[in-house]
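Below: one structure, written as structure tokens.
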Amino acid sequence: GAVVSQHPSRVICKSGTSVKIECRSLDFQATTMFWYRQFPKQSLMLMATSNEGSKATYEQGVEKDKFLINHASLTLSTLTVTSAHPEDSSFYICSARISIGLAGGLGNYNEQFFGPGTRLTVL
Amino acid sequence: AQKITQTQPGMFVQEKEAVTLDCTYDTSDPSYGLFWYKQPSSGEMIFLIYQGSYDQQNATEGRYSLNFQKARKSANLVISASQLGDSAMYFCAMRAGGGNKLTFGTGTQLKVEL
């Protein structure tokens, strides 16, 4: 199956520093990747859609200057949390989109495969 | 706008029993897809099952089946023969309107007991 990796899996940093999180599709190419944030015991909230070779599309309320996204290749998207503060502490999950063919040739649908997540703690 | 509602914050089931996790959705788009994901304590999101809005039959994947009732706008997940390893958070999600965005419900924490 499609495998998505994230690095690092866990990071602790001081307030004011920047943290880069990598998301890689290991066995497929992904023109589109997604970045989600999940606070404890809450659901996943989409932050932005990362498009290879173009600017990311941010969801309403997400600061694009704070959460920098770069999708420089078909297998790698990076999320940089700039000048991190304690309120940025969260679980960040990426996903990569892949097209799945339906049985019997009945077309296809887009599936998202998720990375294992990165737990960010800002002190 | 799309909305997913999961009304069960937590569920308990005994090992080997079947359990149904509820999910209702709301969308005005005629074309949409419904997904269920499992999130163990380690955090990764594991895709379980998919149902398209035009699919005539309920989706099944091993011990997972989706009880799709279009008129009621519900897409409940049924897990048969529960195992201890099924203990996790379960999220229902929807994608509608031909877009890429997945909208997630608030999740149900399932605990399988001996």
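The values are calculated or read from the model by the stated rules, or taken from the named source; none is laboratory data. Just so it is clear, the structure is predicted and the values come from calculations on it, not from any experiment. Positions of Cβ are generated from backbone atoms using ideal geometry, with glycine treated the same way; all protein chains shown enter the neighbour counts.
Points to keep in mind about this one:
- Which listed residue, of A:Glu59, A:Glu52, is among the charged types (D, E, K, R), over 14 Å from A:Phe91 (Cα atoms) and modelled with pLDDT of 90 or more: A:Glu59
- Of the residues screened, A:Ser83 is not one that is under 27 Å from B:Ser41 (Cβ atoms), in contact (Cβ under 8 Å) with a residue 40 or more places away in the chain and of a type in the set (Gly, Ala, Ser).
- Boolean, A:Thr78 is more than 27 Å from B:Trp36 (Cβ to Cβ), in contact with a Lys or Arg (Cβ under 9 Å, 6 or more places away or on another chain) and within 14 Å of chain B (Cβ to nearest Cβ): no
- Contact annotation: residue pairs with Cβ atoms under 6 Å, 6 or more positions apart or on different chains, pairing a residue in the range A:111-122 that is farther than 9 Å from A:Gln6 by Cβ and within 9 Å of chain B (Cβ to nearest Cβ) with a partner that is basic (Lys, Arg) and assigned to a strand (DSSP E or B), are A:Gln112/A:Arg97; A:Arg119/A:Arg10.
- Take the conditions (1) touching a residue at least 60 places away in the same chain (Cβ under 8 Å); (2) touching a Leu at 6+ places or on another chain (Cβ under 9 Å); (3) not polar (S, T, N, Q); B:Lys16 misses just one of them, which is (2).
- For B:Gln8: the one exception among (1) under 15 Å from B:Ala96 (Cβ atoms); (2) in a loop (DSSP other than H, G, I, E, B): (1)
- Filter result (closer than 27 Å to B:Met89 by Cβ, among the hydroxyl-bearing types (Ser, Thr, Tyr) and within 11 Å of another protein chain (Cβ to nearest Cβ)) within the range A:11-56: A:Thr32, A:Tyr36, A:Ser43, A:Thr49, A:Ser50
- Close pairs from the range B:39-67: first touching a residue at least 40 places away in the same chain (Cβ under 8 Å), partner among the β-branched types (Val, Ile, Thr) and surrounded by 16 or more Cβ atoms within 10 Å (Cβ to Cβ), Cβ under 8 Å, at least 6 apart: B:Met45/A:Ile93; B:Asn67/B:Val78
- Where a residue in the range B:89-106 is under 17 Å from B:Gln51 (Cβ atoms) and within 7 Å of another protein chain (Cβ to nearest Cβ) and its partner, wherever it lies, is β-branched (Val, Ile, Thr) and not in a loop (DSSP other than H, G, I, E, B), with Cβ under 9 Å and at least six apart: B:Phe91/B:Ile4; B:Phe91/B:Thr108; B:Phe104/B:Ile4; B:Gly105/B:Ile4; B:Gly105/B:Thr5; B:Gly105/B:Thr24
- Residue match in the range A:95-106 (condition: in contact with a Lys or Arg (Cβ under 8 Å, 6 or more places away or on another chain) and either more than 29 Å from B:Tyr50 (Cβ to Cβ) or surrounded by 17 or more Cβ atoms within 10 Å (Cβ to Cβ) (or both)): no
- Hey, A:Ser95 away from chain B (no Cβ under 11 Å) and either out of contact with any helix residue (DSSP H, G or I) (no Cβ under 6 Å at 6 or more places or on another chain) or small (Gly, Ala, Ser) (or both) or not: no
- Of all positions in the range B:53-72, none carries a residue that is under 11 Å from the mean Cα position of the chain (by Cα) and facing chain A (nearest Cβ under 9 Å).
- Taking the range B:21-52 as the range and being touching a Phe, Trp or Tyr at 6+ places or on another chain (Cβ under 7 Å), in a loop (DSSP other than H, G, I, E, B) and either among the aliphatic types (A, V, I, L, M) or away from every other protein chain (no Cβ under 11 Å) (or both) as the test, only B:Met45 passes.
- Where A:Thr80 falls short, out of the listed (1) surrounded by fewer than 21 Cβ atoms within 10 Å (Cβ to Cβ); (2) over 24 Å from B:Ser53 (Cα atoms); (3) modelled with pLDDT under 95; (4) not basic (Lys, Arg): (3)
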